[in-house]
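Every read-out reported here was derived from the displayed coordinates using simple, explicitly stated rules and does not represent laboratory data. Computed from a predicted model, the values in this text were never measured in an experiment. In this analysis, Cβ positions are derived from the backbone assuming ideal geometry, glycine residues included, and neighbour counts consider all displayed protein chains.
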Amino acid sequence: MQHGLSIAQRNACLGCHAIDRKLVGPSFQQVASRYKGNAQAEAMLERKVKDGGSGVWGMIPMPAHPAMSDADIRTVVEWVLAGAPSK
Ligand code: HEC
């Protein structure tokens, strides 16, 4: 199975997100702690990565990612929610 980190690298997520500090968007660790214990978060964040959106972390929008497969989006969101581990 593909690792979430390599999907994030291939899809330029890391141009706007770092693992452990805010860039253009929130760090992936901030995202993980915000949604910890939230059973709805995974489906909601999959939709957000696919369709884009703004207003949760600030007014800067995240672009849509219409070309990503649902499987890649699911893997990368699960990885983010797990705290974006390096392995
Ligand atoms: C052009 C910059 C940019 C790129 C590229 C980008 N993001 Fe984002 N991302 C943002 C911004 C800005 C936000 C905050 C949006 C908001 O406040 O609602 C965000 C928010 C998020 C969130 C949290 C959403 C929420 O509603 O809490 C996740 C998860 C996320 N991004 C994952 C990804 C993944 C995975 C990729 C790569 C496929 C990616 N982002 C690519 C800028 C970007």
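Some observations on this one:
- Helix-only arithmetic for the chain: the sum of -39500 (n - 2.57) across DSSP H runs with n ≥ 4, divided by the residue total, places the mean residue ellipticity at 222 nm at -12000 deg cm²/dmol.
- Pairwise FRET efficiency - Ser86 versus Trp57, Cβ, R0 = 30 Å, nearest 0.05: 0.85
- Each label point was placed 7 Å from the Cα along the Cα-to-Cβ direction; for Ala71 and Lys22 their separation is 3.7 nm.
- Zone of Arg10's modelled label, taken as backbone nitrogen in the range 28-69 under 18 Å from a point 7 Å along Cα→Cβ: 49-50, 65-69
- Whether the chain is rounded, prolate or oblate, judged on the alpha carbon gyration tensor where a/c under 1.5 counts as rounded: rounded
- Contact order relative to length of the chain, as percent, for alpha carbon pairs under 8 angstrom and 6 or more apart: 39
- Lys, Arg +1 and Asp, Glu -1 on Cβ, resulting dipole of the chain about Cα centre, debye, nearest 20: 220
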